[in-house]
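Read through the structure below, which is laid out as structure tokens, and then see the notes.
Only the coordinates and a few stated rules stand behind these numbers; no lab work does. Computed from a predicted model, the values in this text were never measured in an experiment. Using ideal geometry, Cβ is built from the backbone for each residue, glycine included, and neighbour counts are taken over all protein chains shown.
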Amino acid sequence: MRKALIALMAAALLAPAAAARDVGGVDIPETLRVAGKDLALNGAGIRTKVFFKVYAGALYLPGPSSSAAAIVASDGPMAIRLHFLMDVDAKSIQDAWNEGFRAGSAGSGGSAGSFEAPADKVSRFNACFAEDSRKGTIYDIVYDPAEGTMVKINGVVKDVIPGADFKKAVFAIWLGDKPADKGLKKGLLGG
């Protein structure tokens, strides 16, 4: 009886470690539910700007992949979670998205290609980020092929932008030929 109790206590202590991965002091869940399916954590890393750790990012897919081109081109469900590690004002966030969209549309046409984001959809996307982000804020950018690209901030849906074309442009921000952060891209791809 005592051995069974000890084994049960040990299992309870180990369970939380299996349910999340620590990235930059943030617990990153091993799964995320999208379109009624559990997506698995593909990889995670830290977005840095100059010397500052801006956010912990995590990529969720139906199955593991280390191919940025395949992920960006896929029309399957996926998600990126961004957990902010510092305060960032709304204008800086929108400027970063715009820089990412420009980099994606000016891609070299190499492994992840070049993806033009329609201006009206970029405006809708940026409108989701009208408020400053505080340390601890969580952004979920979720693609459901039946609905489009959903932006959730701290669990609240801000908008759903239709079209696989837009999804490709959004995910190219992190996984394109000219990603926002090469180290983060490597982490998202499981490296």
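Odds and ends about this structure:
- The range 37-48 residues that are free of Cβ contacts under 8 Å to residues at least 24 places away in the same chain, paired with ones that are surrounded by 18 or more Cβ atoms within 10 Å (Cβ to Cβ) (beta carbon under 7 Å, 6 or more apart): LEU41/ILE28; LEU41/ALA58; LEU41/TYR60
- Qualifying residue in the range 47-66 (condition: surrounded by 15 or more Cβ atoms within 10 Å (Cβ to Cβ), in contact with a Ser or Thr (Cβ under 8 Å, 6 or more places away or on another chain) and part of a helix (DSSP H, G or I)): no
- Every residue from the range 133-146 that is in contact with a strand residue (DSSP E or B) (Cβ under 7 Å, 6 or more places away or on another chain), surrounded by 13 or more Cβ atoms within 10 Å (Cβ to Cβ) and not in a strand (DSSP E or B): THR137
- Only residues that are without any contact (Cβ under 8 Å) to a residue 24 or more places away in the chain and over 26 Å from ASP87 (Cα atoms) were counted across the range 24-36, and they come to 2.
- The residues in the range 149-191 that are surrounded by 20 or more Cβ atoms within 10 Å (Cβ to Cβ), assigned to a helix (DSSP H, G or I) and hydrophobic (A, V, I, L, M, F, W, C) can be counted, and the count is 10.
- Candidates in the range 30-46 are the residues that are under 21 Å from ALA70 (Cβ atoms) and of a type in the set (A, V, I, L, M, F, W, C); of these, the one that is surrounded by the fewest Cβ atoms within 10 Å (Cβ to Cβ) is ALA40.
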